[in-house]
Amino acid sequence: MPSSSSPRSALIERKTLETQIRVCLDLDGSGRSALQIGVPFLEHMLDQVARHGLLDLEIEAQGDLQIDAHHTVEDIGITLGQALAQALGDKRGIARYGHAYVPLDEALSRVVIDLSGRPGLVYNINFVRDQIGTFEVDLFREFFQGLVNHVGMTLHIDNLRGVNAHHQAETVFKAFGRALRMAVAVDPRLADQVPSTKGSL
């Protein structure tokens, strides 16, 4: 799992009266994940992010699931955003931008990322149903909003088509993983530079 010796890794713990979250992340991993969240469909989606983003990702979460999954899902997004921010450091040498189109049968999604330092979410997914199993699909927006707010990322998510909600969600998370992999990649031509004319992100 994520190595504390990796220069682009992070360990973040977040505790509130509603949740206790631990995220361990290595940006230069091999796509391994260990997820104990208590929300099976979100675990499935985050495994896609790790595998397609070539991240090593470990998340442990305890939340007030007896109420619903809202606090747990949102706080995982927040904590993962904090871990990404810490692992990226000052962002020297990274590509900064990433994008991906991912199909799954009839579904197709596009995700575009700018690790700009400015939080912004444009979210266009018209799910064909309100739940996937017991998971309420409107919680995906809460997850991504929490993430972008705490990493400082501009994130555009568009599900372009799909008639199966599981496929819609899976294409989004796979595309997010692929786009993130591109955005955090180190470009040797940038060497010690920050990819901005302002000199900082």
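Given +1 on the Cβ of Lys and Arg, -1 on the Cβ of Asp and Glu, and no further charges, what dipole in debye does the range 9-184 carry about its Cα centre, rounded to the nearest 20?
It works out to roughly 740 debye.
Annotation for residue 43 and residue 122: the two label points, set 7 Å from Cα along the Cα-Cβ direction, are 3.6 nm apart.
Ranking 82, 37, 6 by Cα position along the charge dipole of the range 1-140, where only Lys, Arg, Asp and Glu carry charges on their C-beta atoms, puts 6 farthest toward the positive end.
Relative contact order (percent) for the range 9-184, with alpha-carbon contacts under 8 angstrom and 6 or more residues of separation? The normalised contact order for the range 9-184 reaches 28 percent. Toward the positive end of the charge dipole of the chain, with +1 on the Cβ of Lys and Arg and -1 on the Cβ of Asp and Glu, the farthest Cα among 23, 151, 201 is that of 201.
Ignoring everything except DSSP H segments at least 4 long, calculate the 222 nm mean residue ellipticity for the chain; use -39,500 (n - 2.57) per segment, divide by total residues, nearest 500. Rounded to the nearest 500, the figure is -11000 deg cm²/dmol.
Other residues within the sphere of radius under 14 Å centred on the Cβ of residue 18, judged by their own Cβ, net out at -3 (K and R +1, D and E -1).
Sequence-distant contacts, meaning Cα pairs under 8 Å at least 6 residues apart, place the relative contact order of the range 30-104 at 25 percent.
Taking every DSSP beta bridge that has both ends in the range 9-184, the antiparallel portion is near 80%.
When +1 charges are put on Lys and Arg Cβ atoms and -1 charges on Asp and Glu Cβ atoms, the dipole computed for the range 1-108 relative to its Cα centre reaches about 560 debye. Given the choices [x] 18.4, 54; [y] 21.5, 72; [z] 16.0, 51, Rg and Dmax of the Cα atoms in Å derived from the coordinates of this structure is entry [z].
When the Gaussian network model of the chain links Cα atoms closer than 10 Å, the mean-square fluctuations of 104, 190, 25 top out at 190.
Assuming a ≥ b ≥ c are the square roots of the Cα gyration tensor eigenvalues, decide whether the range 56-114 counts as rounded (a/c under 1.5), prolate (otherwise, with a/b larger than b/c) or oblate.
oblate
For the range 11-84, trypsin sites (Lys or Arg not before Pro) meeting the loop criterion (DSSP other than H, G, I, E, B) and having at most 16 other Cβ atoms within 10 Å: 32. For the chain, modelled as a GNM whose springs connect Cα atoms under 10 angstrom apart, the maximal fluctuation among 29, 38, 98 occurs at 38.
Each value in this text was obtained by applying a stated rule to the coordinates, not by laboratory testing. This is a predicted model, so every value here is computed, not measured. Positions of Cβ are backbone-derived with ideal geometry, glycine not excepted, and every protein chain shown enters the neighbour counts.
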